[in-house]
Amino acid sequence: MRFFLLFLIVTSAALLAPTIAVAETTRSIELRAGVVDYYSNRYILTADGNVSARFSDGTVVRGDTFSMDLKLNRFLIAGNVHVDGAHIHEIGAAFASYPDLDRNYFVAEGDKPDRWTYYGLDFTDPHKGRLQPGDAFYFPDLSDQKPYIISNSATIFLKNNVEFPAGSRLLELGAYLPTPGYVVNYSSNPNFYQNAFAGAVLDIGVPFHGAADAISAGHIRYDQYRGWYTAFDQHFVYKQDYAVFSVDPLTQNQRQYNAILYHRESPALETRLFYQLSALSQGLNEPVGASTYTNFVMNSKVGRYAVGINADQYVDSLLAGAVDQFTPSGLRGNGHPFDVTLSVQSYEDEFRLFRYLGVPVKFQYRGGYGYNHDGYGIPVAGAGGTNIPADFNGSVYTTIFQTFLGFTAYTSSIKIAKQLSISAKADKLEQWYSLPHHTITTDVSETLARTPTSVKLPAFLLSYDVLNIGDFYGAQQRYAYPAYPDIITNQFGTFTGLGAFDGFATARTLSSSMVYTPTPYFALNLTVSYANVSPRPVPGFSGTAPYTFSADVRVRLSRNVLVDVTRSYYFNFANNLWSPQYGIQFSP
Amino acid sequence: MMKSLAAFALVLAIAASAASAQTAPAPIAAPTPGPFATPVGATTPVPIATPIAAPTSVLTAPPSAPATATSTPSFDKGAAPPGPTPPSNLVTFTGQLLDYRKNYVYFTTGDAFPTVDEPRIIDAFSGLPTTVPPQAKMFAKATFDPATKKIIELAITKRRLQTSQSLGPATAYVVVGSSPIPAPEIAGQNLTGKQVSVVFEVTVPPTTAFTDNIFISTDSSDWNPTAIKLDRVDAYKYRALRYFASGTKFAYRVTRGSWNSVERGEDNLDAPPHQFFVREVDALAARVTVYHWSDEHATSEGAGPNSIPTPYNPRPFGGGPGGIQVGPTPVPTPFR
């Protein structure tokens, strides 16, 4: 009975107790002022003149000036400060907020100046006299710096992005240009940057609309095939999940409509769906060509194994009446290939015996099962591979199963002398197919490294790699790999040696590099490699350049500009001396 | 989110109608990226607990210090008349202003000092009275009258002044309404923003090709996947050195140059970014082990996909020599 009464008392007290304000912090700030400046190289936002900052709970803080360090996630409003909200109407000299600490610091006017601390957005208790950070009210020193964006308002989604309205001016080439709106994304969540765009030489993103969990961006892009074109992508991000929808190019008739959907089901399970529709159409007219590709991936952790399912579905033509022939890229006009692979990869493990011998050897293994299907016939090797449908020795395969096993063993870097270490690794993968053949790939390499403890001294590497691949068809070997002409003459010359190729190849590569980074402002990386390949390479047809020399120089010109120049020399393979392009990158 | 969806639909419609025009847009230079080298928190280090100054009886200037009368030139109409220049041995404090209201001057230290009813407001460089009112962000040198414990002169300027390192004797003039109460949440290390060398050292999986480039991508570089290039220093390790100000905080991930080839955990699942905080030390190391790349597959041979140069796989190295298709049409690869 006593317990029942006690229960009644406690329950009643709980129900009758006044609601305690939750000390949550603001999620966004709507900022208005005479002028709002954004300094991109410091991630600092300032505002001056009749500043008004409205928090997500409706509290409004007005003052003469505002500054916010976006990365540190703290802001300050100073000068004739008025704080007005549901539970507060105060006047003071300054209001500083540290959302990460869940604290707002206020220099109150009151009868006598005082320092008050509010917990989050709970403005009912000022916590007078509580110590405050020594630099809570400091202004950033922005002397001699030009703002990147000038506006008169901004919406700040804390720890995420800042949206500037239409008419905001952006500093480009020394002039401030009006924009249709601009979003500065400073989120620490990299999923805002996921995209499905094809590679381009140049991509200029113009994010023009944002929210706490979304960004819309236009892109101006250039590549050597399409020239200049525009693209668009829309990002949605929630914790580790994300969705990206894009059109690339946007302003050309051959477009790709992409979607990426990623969902983290649990800490041990993730799914990712990628869908791409390629369509050739004039505006929104009926496409004259369309195909799709869908990829679904599910990864999971099971004990000390990484288990994955990977499925691909291709529809080579969505249009009726397509001509069933091979496209230049080797796809069937009417192909609908589907494949799914279940794979299991072990975590890294170690042969303990070798540790006792002083040579730690680690290993991983993997295996899996695959299924391939195409009702129009799966592409196969051999002379019948060019038929429609493709056949192998007269048989059309619409379904092929495969099983694979792989094993990797590798040593740690073993110190053999002062600053000198050696390591070795070997990988073997064997795949068996229901179309009777199997492939064996073996890769073995050794690396010798001289790594000074001081980064100011150059490091040297020497690596020798042997890669073998064999495609075993048994008695059908020559059917699968008919002899190529032994002599090939093309614009690069006359070459021999392909006649012996019957599905087995070996590449032996000797590579050496030197890395010299005396300071963070300069780096020189030189790499020279020699590849001895069997069958011998034929320029313009197959194989790689036997000799390659690559240089990479990085020089920091200023605090904000790093120039990275890369180029390769091919020793006249395929009439190429230097690689066609310089790789030049400017980065912070 | 609805606005974003609407924007997406609108852009799609515009794109469709614009496509037939096929006009090449004028190039616009890339937006200025945020520099990675910028120390986040270099000028505003993480919070340091500063006790609220309690009034003390420390005085450095004699109460009876004589005022030195000086003649001043004419001043703007409406400005306060020139008063006597305070003697040089009075207590002063120089800092940046938060506000000046109701006979109190507030500095960015958070401290408030009372003023006499009509303090002398002068330009800090000319020494002449000024009509410009003291405002937030201005720098000011306050001179105190030890007798009244109030500011009698305020020399202001919009130019940066060398500020006082501490309140010093001015502590005695601070006005504060409440006694200080500890705030454990702000007690922390004193960070000065000094340059700290940080070595990034990344151990890559053994399947990584010898010639692969490895990069660090950070939130401070807008997640540019090629922000910091690392150099290979042995069979498995890549390295780069950068300087950061103490107090800098950033998130980073390891990539092979794009977001399609980003590091994954040992369980082959997408891992959250690594967090790094630059402490007040001389040197730090950021060490990461990469177990998988997002573009690797269990059926890829160790050296990476398409690396065997044979007619069976006639385009082993895209973009380089040998990638041009001349001669007999290659047999399609059996399985994609």
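The values are calculated or read from the model by the stated rules, or taken from the named source; none is laboratory data. Only a predicted model underlies this, so the values are computations on that prediction, with no experimental measurement involved. Please note: Cβ atoms are built from the backbone with ideal geometry, for glycine as well, and neighbour counts cover all protein chains shown.
Quickly run through region A:102-117 and pick out the residues that are surrounded by fewer than 20 Cβ atoms within 10 Å (Cβ to Cβ), in contact with a strand residue (DSSP E or B) (Cβ under 7 Å, 6 or more places away or on another chain) and more than 7 Å from every other protein chain (Cβ to nearest Cβ).
Within region A:102-117, A:D102 is the sole residue that qualifies.
Filter region A:345-387 down to residues that are touching a helix residue (DSSP H, G or I) at 6+ places or on another chain (Cβ under 7 Å) and in a loop (DSSP other than H, G, I, E, B) and give me whichever is nearest to A:V315 (Cα to Cα).
Looking at residues that are touching a helix residue (DSSP H, G or I) at 6+ places or on another chain (Cβ under 7 Å) and in a loop (DSSP other than H, G, I, E, B), I get A:P379.
Say we look at region A:129-180 and pick out the residues that are within 29 Å of the chain's Cα centre (by Cα) and among the charged types (D, E, K, R); which of these is farthest from B:G177 (Cα to Cα)?
A:E172
Within region A:229-251, can one find any residue that is at the interface with chain B (Cβ under 9 Å from one of its Cβ atoms), without any contact (Cβ under 8 Å) to a residue 24 or more places away in the chain and surrounded by fewer than 17 Cβ atoms within 10 Å (Cβ to Cβ)?
Looking through region A:229-251, none of the residues is at the interface with chain B (Cβ under 9 Å from one of its Cβ atoms), without any contact (Cβ under 8 Å) to a residue 24 or more places away in the chain and surrounded by fewer than 17 Cβ atoms within 10 Å (Cβ to Cβ).
A quick yes/no check of all residues on (1) in a strand (DSSP E or B); (2) under 32 Å from the mean Cα position of the chain (by Cα); (3) surrounded by 15 or more Cβ atoms within 10 Å (Cβ to Cβ):
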residue: A:P389; (1), (2), (3): no, no, yes
residue: A:T403; (1), (2), (3): yes, yes, no
residue: A:A409; (1), (2), (3): yes, yes, yes
residue: A:L435; (1), (2), (3): no, no, yes
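Looking at (1) crowded, with 17+ Cβ neighbours inside 10 Å; (2) at pLDDT 90 or above, find the lone condition where A:Y376 falls short.
In the conditions (1) crowded, with 17+ Cβ neighbours inside 10 Å; (2) at pLDDT 90 or above, A:Y376 misses (2) alone.
For a quick check of your reading of the model, give me the residue pairs whose first member lies in region A:90-101 and is facing chain B (nearest Cβ under 10 Å) and under 15 Å from A:F137 (Cα atoms), whose second is surrounded by 20 or more Cβ atoms within 10 Å (Cβ to Cβ) and not hydrophobic (A, V, I, L, M, F, W, C), with beta-carbon atoms closer than 6 Å and at least 6 apart or on different chains.
From region A:90-101, the pairs are A:G92/A:E109; A:A93/B:D99; A:A93/B:Y106; A:A96/A:Y105; A:Y98/A:R74.
Could you list, in sequence order, all residues of region A:470-479 that are farther than 12 Å from A:F504 by Cα and surrounded by 13 or more Cβ atoms within 10 Å (Cβ to Cβ)?
Within region A:470-479, A:Q476, A:Y479 qualify.
Looking at (1) surrounded by fewer than 16 Cβ atoms within 10 Å (Cβ to Cβ); (2) part of a loop (DSSP other than H, G, I, E, B), which is the only condition B:V199 fails?
For B:V199, the failing item is (2).
Considering region A:205-228 alone, what residues qualify as being farther than 13 Å from A:Q252 by Cβ and surrounded by fewer than 18 Cβ atoms within 10 Å (Cβ to Cβ)?
A:A212, A:Q224
Could you identify the single residue in A:T509, A:T494, A:T447 that is more than 7 Å from chain B (Cβ to nearest Cβ), crowded, with 21+ Cβ neighbours inside 10 Å and under 29 Å from A:P537 (Cβ atoms)?
Step by step, each of A:T509, A:T494, A:T447 is checked, and only A:T509 is more than 7 Å from chain B (Cβ to nearest Cβ), crowded, with 21+ Cβ neighbours inside 10 Å and under 29 Å from A:P537 (Cβ atoms).
Just wondering, is there one or more residues in region B:181-188 that are crowded, with 22+ Cβ neighbours inside 10 Å and more than 9 Å from every other protein chain (Cβ to nearest Cβ)?
So the first thing to find is which residues in region B:181-188 are crowded, with 22+ Cβ neighbours inside 10 Å, and the list is B:186.
Still in the list and also more than 9 Å from every other protein chain (Cβ to nearest Cβ): none.
No; the residues of region B:181-188 include none that is crowded, with 22+ Cβ neighbours inside 10 Å and more than 9 Å from every other protein chain (Cβ to nearest Cβ).
All but one of (1) of a type outside the set (K, R); (2) in contact with a Gly (Cβ under 7 Å, 6 or more places away or on another chain); (3) more than 21 Å from B:D222 (Cα to Cα); (4) in a strand (DSSP E or B) hold for A:I91, so report the exception by its number.
(2)
Can you tell me how many residues within region A:118-130 are at the interface with chain B (Cβ under 10 Å from one of its Cβ atoms) and assigned to a loop (DSSP other than H, G, I, E, B)?
Of the residues in that region, 3 qualify.
So which strands (runs of 3 or more DSSP E) stay within region B:233-278 end to end and still have 3 or more residues that are crowded, with 22+ Cβ neighbours inside 10 Å and modelled with pLDDT of 90 or more?
Working: elements: B:237-245, B:249-255, B:274-277.
Ranges flagged: B:249-255.
Only one of A:Q194, A:Q145, A:Q224 is touching a residue at least 40 places away in the same chain (Cβ under 8 Å) and more than 10 Å from chain B (Cβ to nearest Cβ). Can you tell me which?
From the options A:Q194, A:Q145, A:Q224, the qualifying one is A:Q145.
When you look at B:E301, is it at pLDDT below 90 and acidic (D, E), yes or no?
Answer is yes for this residue.
One residue is enough: does region A:422-431 have a residue meeting the conditions touching a Phe, Trp or Tyr at 6+ places or on another chain (Cβ under 8 Å), under 26 Å from A:D312 (Cα atoms), more than 9 Å from every other protein chain (Cβ to nearest Cβ) and surrounded by fewer than 17 Cβ atoms within 10 Å (Cβ to Cβ)?
Looking through region A:422-431, none of the residues is touching a Phe, Trp or Tyr at 6+ places or on another chain (Cβ under 8 Å), under 26 Å from A:D312 (Cα atoms), more than 9 Å from every other protein chain (Cβ to nearest Cβ) and surrounded by fewer than 17 Cβ atoms within 10 Å (Cβ to Cβ).
Taking B:G188 as meeting all but one of (1) under 20 Å from the mean Cα position of the chain (by Cα); (2) at pLDDT 85 or above, write down the number of the exception.
Going through the list (1) under 20 Å from the mean Cα position of the chain (by Cα); (2) at pLDDT 85 or above, B:G188 breaks only (2).
Condition (residue is surrounded by fewer than 16 Cβ atoms within 10 Å (Cβ to Cβ), under 30 Å from the mean Cα position of the chain (by Cα) and at pLDDT below 75) applied to region A:541-556: is it met by at least one residue?
Within region A:541-556, not a single residue is surrounded by fewer than 16 Cβ atoms within 10 Å (Cβ to Cβ), under 30 Å from the mean Cα position of the chain (by Cα) and at pLDDT below 75.
Considering only region A:64-84, how many residues are on the phi > 0 side of the Ramachandran plot and crowded, with 23+ Cβ neighbours inside 10 Å?
1
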